[in-house]
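Novice: Here it is, the structure, as structure tokens.
The values are calculated or read from the model by the stated rules, or taken from the named source; none is laboratory data. Note that the structure is predicted; figures quoted are calculated from it, not measured. Please note: Cβ atoms are built from the backbone with ideal geometry, for glycine as well, and neighbour counts cover all protein chains shown.
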Amino acid sequence: MKFFDSQPDDKLVYLLKQSRLDFKLDQKTTKARLLCAIAQGDIDGPIQPVQTRHGLIFKFEVGLAGIVVVVSATFATAATSLPGDKLFAVNKLREKIILSLPLSAQTKAQIQTQIVEARFKALDVETSEKSATATSPTTNHRRLETIKESEESLNQAVNAISANQQDFEKTGNQQQAQKFNQTLSHLAQMASTREQTIQTLANQSSDTVERAEITSHLDHFRSARQKAEIQINISQ
Amino acid sequence: MTEESEIQKLISKAQQQDAAAFGQLYDIYSQQLFNFLLGKLAHKQTAEDLLQTVFVKVWSNLNKYQPQANAKFSTWLFQVANFTLIDHWRTRKPTVEINEVENLVQFAQNPKLYEEYKYLWAAMSQLPLSYQTVLTLRFKQDLSIDETAKIMNKNKIGIRVLQHRAIAALRKKLADKL
């Protein structure tokens, strides 16, 4: 565009910068007035975030207080569906919509962690001693889906949170970077305890194709956990 | 200048309703925000009132603030100040009484410097508010295109275009006066 080919008026910009000055502000008096109003309770203090009935915490950015997330009856029902269920695709869409909202990096990290925890909980049910021995096409499919969804959610969470942690480190915000570190550590710990059970399932499977698939997902699972651990070590 | 990490510590405390920590944030940022407001309002009492309004809003909404990798706390503060200023202009009387516009030289910490550039301030005050804001944020507050875009709720290209037009308009105002 022609605009960006032309140079700004350098002399005028120079004058604008040179004309910078401070105006007299009676900081003591104005500050005292403000703190007095706070102490007397005339002004409401920082308002706490609200917990929704689905257990996900939504924090709205300044200026976006007018955005309201409407959860339809279908979405509400789908919220409890598990990998392999008919409504699970709707649940995944619901999660995708929530993550696409203009939320802060910290809030998204919390939501992603909760998604991983939900997947791992489903995985624990599928890989429990009773379930692990059951074999039928439906059960096997469901088990495989649960492993796959656990691996995918872990991968997505680790990638997104690592990227945000690196951004905060680059800008020198060590406090926030450390919080993301703790989240990655939590994810790595959760993943580590599930790897053994998935390996056991792979060993027990008599179906060659199924065993290969489980092993493939386990490899990706392991890579995601190692990526989280590497990121934690780099930042320490 | 206070490090951003120190400021984030103060914010965390203030978010726990620590008024003393909030007072320290006021000490750090009130002068900058006052300069921004008075430069446009040309009325000291109104600027002080709006400064109070800005910090009241900041205090009430502090728990909604989340640190971002590519934006400082000051960016959020200027955003609040800019929206407060826009709201004020929307609700003010359509015509301003002559005695409501004050000679800013009496409020300048360095009156000599102000007098030297009085012609520039006068020309700027005749520009539309959005032009004044982009010139103030970019060259008087020395903020980046990115930060200015966040404060004015525009994209980066929009800010570059606005800046270009604002400089052209200011140049024309100054040329008209000669």
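Novice: Could you look through segment A:204-222, keep only residues that are touching a helix residue (DSSP H, G or I) at 6+ places or on another chain (Cβ under 8 Å) and more than 18 Å from residue A:137 (Cα to Cα), and pick out the one that is surrounded by the most Cβ atoms within 10 Å (Cβ to Cβ)?
Specialist: A:221
Novice: Quick check on this structure: which one of B:127, B:162, B:143 is within 11 Å of chain A (Cβ to nearest Cβ) and not acidic (Asp, Glu)?
Specialist: Values: B:127 fails: within 11 Å of chain A (Cβ to nearest Cβ); B:143 fails: within 11 Å of chain A (Cβ to nearest Cβ).
Of B:127, B:162, B:143, the one residue that is within 11 Å of chain A (Cβ to nearest Cβ) and not acidic (Asp, Glu) is B:162.
Novice: Name, by its number, the condition in (1) buried (at least 16 other Cβ atoms within 10 Å of the Cβ); (2) more than 18 Å from residue B:84 (Cβ to Cβ); (3) within 11 Å of another protein chain (Cβ to nearest Cβ) that does not hold for residue B:149.
Specialist: (3)
Novice: Can you list the helices (runs of 4 or more DSSP H) found entirely within segment A:86-147 that contain at least 2 residues being out of contact with any Lys or Arg (no Cβ under 7 Å at 6 or more places or on another chain) and at pLDDT 80 or above?
Specialist: Counting at least 2 such residues, we get A:88-100, A:105-126.
Novice: Moving on. What is the residue count in segment A:25-42 for residues that are at the interface with chain B (Cβ under 7 Å from one of its Cβ atoms) and surrounded by 15 or more Cβ atoms within 10 Å (Cβ to Cβ)?
Specialist: 6
Novice: Here's something else I'd like to know. Could you tell me whether any residue of segment B:84-94 is more than 17 Å from the chain's Cα centre (by Cα) and within 8 Å of chain A (Cβ to nearest Cβ)?
Specialist: Looking for residues that are more than 17 Å from the chain's Cα centre (by Cα) and within 8 Å of chain A (Cβ to nearest Cβ), one finds none in segment B:84-94, hence no.
Novice: I would also like to ask the following. Please go through (1) touching a residue at least 60 places away in the same chain (Cβ under 8 Å); (2) within 14 Å of chain B (Cβ to nearest Cβ) for residue A:201 and return the number of the only condition it doesn't satisfy.
Specialist: Only one criterion is unmet by residue A:201, namely (2).
Novice: Select, from B:72, B:154, the only residue that is crowded, with 16+ Cβ neighbours inside 10 Å, within 30 Å of residue A:166 (Cα to Cα) and modelled with pLDDT of 90 or more.
Specialist: B:154
Novice: Under the condition of being closer than 13 Å to residue B:63 by Cα and either at the interface with chain A (Cβ under 7 Å from one of its Cβ atoms) or among the aliphatic types (A, V, I, L, M) (or both), which residue from segment B:11-26 is surrounded by the most Cβ atoms within 10 Å (Cβ to Cβ)?
Specialist: Residues of segment B:11-26 closer than 13 Å to residue B:63 by Cα: B:11-18, B:22.
From what's left, either at the interface with chain A (Cβ under 7 Å from one of its Cβ atoms) or among the aliphatic types (A, V, I, L, M) (or both): B:11, B:14-15, B:17.
Working: B:11: 21, B:14: 24, B:15: 17, B:17: 14.
The selected residue is B:14.
Novice: At the interface with another protein chain (Cβ under 10 Å from one of its Cβ atoms), in a helix (DSSP H, G or I), crowded, with 21+ Cβ neighbours inside 10 Å and not polar (S, T, N, Q): is that true of residue B:37 in this structure? Lay out the reasoning, then the answer.
Specialist: Values: at the interface with another protein chain (Cβ under 10 Å from one of its Cβ atoms): yes; in a helix (DSSP H, G or I): yes; crowded, with 21+ Cβ neighbours inside 10 Å: yes; not polar (S, T, N, Q): yes.
It is true that residue B:37 is at the interface with another protein chain (Cβ under 10 Å from one of its Cβ atoms), in a helix (DSSP H, G or I), crowded, with 21+ Cβ neighbours inside 10 Å and not polar (S, T, N, Q).
Novice: When you go through (1) assigned to a loop (DSSP other than H, G, I, E, B); (2) facing chain A (nearest Cβ under 7 Å) one by one for residue B:52, which number turns out not to apply?
Specialist: Residue B:52 satisfies all of (1) assigned to a loop (DSSP other than H, G, I, E, B); (2) facing chain A (nearest Cβ under 7 Å) except (1).
Novice: Out of curiosity, is residue A:163 assigned to a helix (DSSP H, G or I), away from chain B (no Cβ under 11 Å) and without any contact (Cβ under 8 Å) to a residue 60 or more places away in the chain?
Specialist: Working: assigned to a helix (DSSP H, G or I): yes; away from chain B (no Cβ under 11 Å): no; without any contact (Cβ under 8 Å) to a residue 60 or more places away in the chain: yes.
Criteria not met by residue A:163.
Novice: Take the residues in segment B:130-140 that are buried (at least 17 other Cβ atoms within 10 Å of the Cβ) and more than 10 Å from chain A (Cβ to nearest Cβ), then tell me which one is farthest from residue B:31 (Cα to Cα).
Specialist: B:131
Novice: Further, regarding this structure: Filter segment B:165-175 down to the residues that are within 9 Å of another protein chain (Cβ to nearest Cβ) and under 14 Å from residue B:121 (Cα atoms) and list them by number.
Specialist: B:167, B:170, B:171, B:174
Novice: Something else: Given the residues B:11, B:28, which is the only one that is within 22 Å of residue A:36 (Cβ to Cβ), in a helix (DSSP H, G or I) and touching a Pro at 6+ places or on another chain (Cβ under 9 Å)?
Specialist: Values: B:28 fails: touching a Pro at 6+ places or on another chain (Cβ under 9 Å).
When all the criteria are applied, what remains is B:11.
Novice: Here is a follow-up. Please pick out the residue among A:182, A:176 that is in contact with a Pro (Cβ under 6 Å, 6 or more places away or on another chain), in a helix (DSSP H, G or I) and over 19 Å from residue A:141 (Cβ atoms).
Specialist: A:176
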